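First the structure, in the form of structure tokens, and then the observations on it.
The values are calculated or read from the model by the stated rules, or taken from the named source; none is laboratory data. Computed from a prediction, not measured in an experiment: that's the story for all the values here. Don't worry about glycine lacking a Cβ; one is built from the backbone with ideal geometry, like all the others, and counts go over all protein chains shown.
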Amino acid sequence: MDDLVSSLTDGRMKEQKFRLKHCGLSETIILIEEYGSVQNFSLSEDRIKQSIVNSQMIDGFKVKRCGSTKDAVSYLAIMTRFLQQSLCSKTLHGVPVDQMKLLKGQQTLDDSKQYLAPFNAFNEAAIKHKDLNVTELFAKQLIQVPGISADKAKAIINVYPTLSSLMDAYQNCSNVKDSEKLLATIKFGKNERNLGIAVSRMLHMLYTQQDSLP
């Protein structure tokens, strides 16, 4: 729980979620070890609970709460045994992380062949890098905007992988009204919801307004 609060306090939570979504895992579980009262933390109980709910409902992560260190160790041991038993009779194929993204939702543990990212590739995709490519830098910029979750940022860069490509798309719109609506119908998240006109207008104003923002 203290790691969760620390990530929320210093603003790392969005970036961490974004990296998890790009590390090649089809299912991600956030393990929260609870101890004592959340009232002892620097953030309000409501904000902590809202962050946990958002991780489940908006970002699509599974959340496992454990009441103690003993419970957390027990859960990890059970999950490890489950994976070992589920995969020991399967044929495992290592594939690049980018290909794992395409396979998401297309395979189950019942399949005789399992396609998985090699650990070194998974680890490389999950860690924080000092050097970012232009797409990663654009995504990192997007998730700093209020209201832009990791899921929304991912959906935007899937269509416009760089800020330059987005600016070109704005330029190609026939009028301001069309450019304001450019991002509105981009789908995000498991439920394939539209980003919406409010988000689209906000980002349009952020990237095209030449005067200072109000």
Helices (runs of 4 or more DSSP H) wholly inside segment 21-108 containing at least 1 residues that are modelled with pLDDT of 85 or more: 45-57, 69-87
Given (1) among the aromatic types (F, W, Y); (2) assigned by TED's automatic domain parsing to the domain that holds E27; (3) surrounded by 13 or more Cβ atoms within 10 Å (Cβ to Cβ), index of the condition F82 fails: (3)
Residue within segment 151-160 that is assigned by TED's automatic domain parsing to the domain that holds T185, more than 16 Å from the chain's Cα centre (by Cα) and buried (at least 16 other Cβ atoms within 10 Å of the Cβ) present: yes
Residue tally, condition at pLDDT 90 or above and over 23 Å from Q56 (Cα atoms), over segment 136-168: 11
Segment 53-70 - residue that is exposed (fewer than 14 other Cβ atoms within 10 Å of the Cβ) and of a type in the set (K, R) and, of those, farthest from the chain's Cα centre (by Cα): K70
Any chance I157 is among the β-branched types (V, I, T) and in contact (Cβ under 8 Å) with a residue 24 or more places away in the chain: no
Only listed residue being part of a helix (DSSP H, G or I), among the aliphatic types (A, V, I, L, M) and within 16 Å of the chain's Cα centre (by Cα), chosen from A121, A198, A125: A125
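The rows are residues; the columns are (1) out of contact with any strand residue (DSSP E or B) (no Cβ under 9 Å at 6 or more places or on another chain); (2) in contact (Cβ under 8 Å) with a residue 12 or more places away in the chain; (3) aliphatic (A, V, I, L, M); (4) closer than 27 Å to G189 by Cα.
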position: E15; (1), (2), (3), (4): yes, yes, no, yes
position: E27; (1), (2), (3), (4): no, yes, no, yes
position: S68; (1), (2), (3), (4): no, yes, no, no
position: D71; (1), (2), (3), (4): no, yes, no, no
position: A77; (1), (2), (3), (4): yes, no, yes, no
position: V95; (1), (2), (3), (4): no, yes, yes, yes
Criterion: assigned to a helix (DSSP H, G or I), in contact with a helix residue (DSSP H, G or I) (Cβ under 9 Å, 6 or more places away or on another chain) and crowded, with 19+ Cβ neighbours inside 10 Å - qualifying residue of L203, L183, L137: L203
Checklist (1) without any contact (Cβ under 8 Å) to a residue 40 or more places away in the chain; (2) of a type in the set (D, E, K, R); (3) loosely packed, with under 13 Cβ neighbours inside 10 Å applied to K190, failing item: (1)
